[in-house]
Amino acid sequence: MSGPEPAPDRDGFPDRDGFPERGALIRVAIGMGLYAGAFAMSYGALAVSSGLSLAQTMVLSLVMFSGASQLAFVGVATVGSPLAAIPAALLLGVRNAFYGVTLAEVLHPYGPRRLWTAHFVIDETTAMAVAQSTPRAKRYAFWATGLALCTLWQVGSLVGALLGSAIDPKTFGLDAAVPAVFLALLWPALKAVLARWVALAGAALALLLVPWVPAGVPVIAAAGVALVAGLLPARPAEDRFEGAGESQTVAEER
Amino acid sequence: MTTLWVALVVAALGTYLLKLAGLSLPDSVLNHPRVQRVAKLLPVAMLSALVAVSLFDGGGRYVVEWRTLVGVAAGVVALILKRGFLVVFLVAIGVTALLRLLT
């Protein structure tokens with residue numbers, strides 16, 4: 001993004017009067033929203049065909065609003081105890097807390113404003129905000145991406161859920177969609193060598209545990225692999241924060 | 001309320017509180033390289049475990065459904081070709097459904 005440096009505003013909200021990056025930011029935000037909407041459709045179809053009601057599918061999209069956590073919840077809750085799905089979803093949501101640390105420096109969300117800002121702290125809004133060069137563009141990028149994504153996420157979930165409830169999952173090969181969608185979420189992170197080993201070890205540990213522990217527990221146990229690998233002495237090349245998550249590759253490509 | 005609803009509400013609110021915590025906690029709490037590395041690797045290990053379990057766990061014992069495997073492999077090809085979510089999703093279910101129809 002280029003253009004003259006705009007004067008910083010003090011209230012933390014984007015200005016109504018234009019600045020050079022505005023049009024480009026809105027276009028990228030809508031593009032990312034459409035991409036997320038397509039992902040949400042897959043989520044909605046999977047959630048309903050796995051046994052969640054339409055209301056449950058939508059409450060997850062509206063309140064949890066974090067793709068990987070939502071899918072993990074569905075994946076674990078519908079095969080094992082729903083209670084095992086709580087740690088699975090929360091452990092996948094931990095990365096959002098770290099995005100919050102970065103975004104707090106950009107957004108300065110004080111008082112009650114923090115309560116609604118927090119809802120939009122996800123992979124895409126963080127990637128878009130940190131990619132901009134000026135504080136005002138960062139804030140604008142965060143809100144444009146957050147609002148576009150949240151809207152299209154709900155629409156996509158609803159459409160997917162309605163489609164999913166209309167078809168027989170097994171006949172339409174929807175059982176293949178669960179691992180495929182998790183792989184798509186994991187894919188961008190596999191560029192790093194350490195991440196590949198962690199992915200391999202996590203999958204191996206989970207598979208070893210399958211016959212011995214209740215459903216859902218193997219996935220939670222895989223978190224232990226991340227804990228061990230993360231606490232080992234660091235190599236400098238691995239220190240970039242490039243996590244697995246939603247459509248992060250989109251933000252990187254633009 | 002069923003157990004599923006209780007779990008769903010707890011997990012959804014918990015995820016929101018994690019986001020809120022990141023915005024609210026002082027910088028020093030989460031700003032350690034090792035803590036950040038664990039946070040970065042958590043989704044990698046867990047998503048990979050979810051892939052494995054959803055492919056091979058048939059309710060506490062191992063199952064291999066070759067049509068599903070081929071469908072997912074086709075999805076991986078779509079990923080290698082840098083296609084988006086919807087394409088990967090449609091290729092995976094399309095190939096699996098087609099194989100189920102033919103065999």
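Site pair A:Trp116 and A:Trp212 shows an inter-label distance of 5.0 nm when each label is modelled 7 Å from Cα along Cα→Cβ. When the square roots of the Cα gyration tensor eigenvalues are ordered a ≥ b ≥ c, the ratio a/c for the stretch A:48-180 is 1.5 or more and a/b exceeds b/c, which makes its shape prolate. An ellipsoid equivalent to the protein assembly as shown, defined through the eigenvalues of its Cα gyration tensor, has semi-axes of 33, 22, 19 Å when rounded to whole angstrom and sorted largest first.
With respect to chain B, whose longest principal axis is taken over its alpha-carbon atoms, helix B:3-24 is tilted by about 50°. What is the stretch A:134-201 by shape, rounded, prolate or oblate, if you read a ≥ b ≥ c off the alpha carbon gyration tensor as root eigenvalues and call it rounded for a/c under 1.5, prolate for a/b larger than b/c, and oblate otherwise? Verdict is oblate for the stretch A:134-201. The calculated 222 nm mean residue ellipticity attributable to helices in the protein assembly as shown amounts to -23000 deg cm²/dmol, summing -39500 (n - 2.57) over DSSP H runs of n ≥ 4 and dividing by all residues. Working note: Karplus 6.51/-1.76/1.60 with θ = phi - 60° gives the stretch A:101-114 the couplings 4, 5, 6, 4, 5, 8, 9, 6, x, 9, x, x, 4, 4 Hz, where Gly and Pro are set to x.
Potential lengthening of the chain between A:Ile30 and A:Lys191 amounts to 55.3 nm, from the contour at 0.36 nm per residue minus the alpha-carbon distance.
Taking a point 7 Å from the Cα of A:Ser53 along the Cα-to-Cβ direction, the residues of the stretch B:1-28 with backbone N closer than 19 Å to it are B:1-13. Considering only B:Leu41, B:Leu20, B:Leu86, the mean-square fluctuation computed in a Gaussian network model of chain B, springs between alpha carbons under 10 angstrom, is largest for B:Leu20.
Quick note: the coordinates plus some simple rules give every number you see, no bench work behind them. Note that the coordinates shown come from a computational prediction; the quantities given were computed from them, not determined experimentally. When we count neighbours, we look across all protein chains shown, and the Cβ atoms used for this are built from the backbone with ideal geometry, even at glycine.
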